[in-house]
Amino acid sequence: MTVMSDLDYTALFALAGTGEGLDAAQLERLNARADGLSAHLGIRYTELADARARAELPVGGHLLQPVGLVNGGAFCALAESVGSLAGIAAAGAPVVGVNNDTDFISSVREGVIEATATPIQLGRSTQLWEILMHNNGRLVARSTLRTMVMKG
């Protein structure tokens, strides 16, 4: 199993307070890692910067319920993954999710789900994120994610 290197996390930590983002090569390294739920689901990060993140999730059979709709858990996992990486970049430290509240607005059968994480509140010990998920330009799910900053 390959684990994302400390260098990649160092790059994320260094974003805190800068307003800057990962460059194309750093995003490619992040997306190329072969571990974790993000990799299993197929999440591809398209932007990761201080206090913002975007990602895409191609819809495939592994995400579908028996009736052919994307399983609600895929939306929750996408939101937590995108919000958590945005939280790391904002805090300059690891974060962990402590609450994930996801509203399912419209069903999805195919295409790509695009997720955007933006901060509602960035505190020293906790953060609150809104993650909006779109498919073909329509809002399909909305999550509120609370994270806890793990500063030593």
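Numbers below:
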{"quantity": "Region 88-103 residues that are at positive phi, paired with ones that are part of a helix (DSSP H, G or I) (beta carbon under 9 Å, 6 or more apart)", "calculated": "Gly92/Leu12; Gly92/Phe13"}
{"quantity": "Boolean, Gln26 is touching a helix residue (DSSP H, G or I) at 6+ places or on another chain (Cβ under 6 Å) and free of Cβ contacts under 8 Å to residues at least 40 places away in the same chain", "calculated": "yes"}
{"quantity": "Residue selected from region 75-117 under the condition surrounded by fewer than 17 Cβ atoms within 10 Å (Cβ to Cβ) and among the charged types (D, E, K, R), by the criterion nearest to Gly17 (Cα to Cα)", "calculated": "Asp101"}
{"quantity": "Residue match in region 130-150 (condition: β-branched (Val, Ile, Thr), over 15 Å from the mean Cα position of the chain (by Cα) and under 21 Å from Gly21 (Cα atoms))", "calculated": "yes"}
{"quantity": "Elements of type strands (runs of 3 or more DSSP E) in region 35-152, at least 2 residues being under 27 Å from Ala11 (Cβ atoms) and β-branched (Val, Ile, Thr)", "calculated": "95-104, 112-122, 126-135, 138-149"}
{"quantity": "Any hit, region 92-104, residues being of a type in the set (D, E, K, R) and touching an Asp or Glu at 6+ places or on another chain (Cβ under 6 Å)", "calculated": "no"}
{"quantity": "Test result for Ala14, modelled with pLDDT of 80 or more, farther than 21 Å from Leu57 by Cα and surrounded by 12 or more Cβ atoms within 10 Å (Cβ to Cβ)", "calculated": "yes"}
{"quantity": "Residue satisfying condition, being hydrophobic (A, V, I, L, M, F, W, C) and under 22 Å from Gly92 (Cα atoms), within set Ala51, Ala74", "calculated": "Ala51"}
{"quantity": "First in region 111-131 and farther than 11 Å from Val82 by Cβ, second anywhere and among the charged types (D, E, K, R), Cβ under 6 Å, 6 or more apart", "calculated": "Val112/Glu56; Ile120/Glu130; Leu128/Arg146"}
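The values are calculated or read from the model by the stated rules, or taken from the named source; none is laboratory data. Just so it is clear, the model here is predicted, and its values are computed rather than measured. Glycine also receives a Cβ, built like all others from the backbone with ideal geometry; neighbour counts cover every protein chain displayed.
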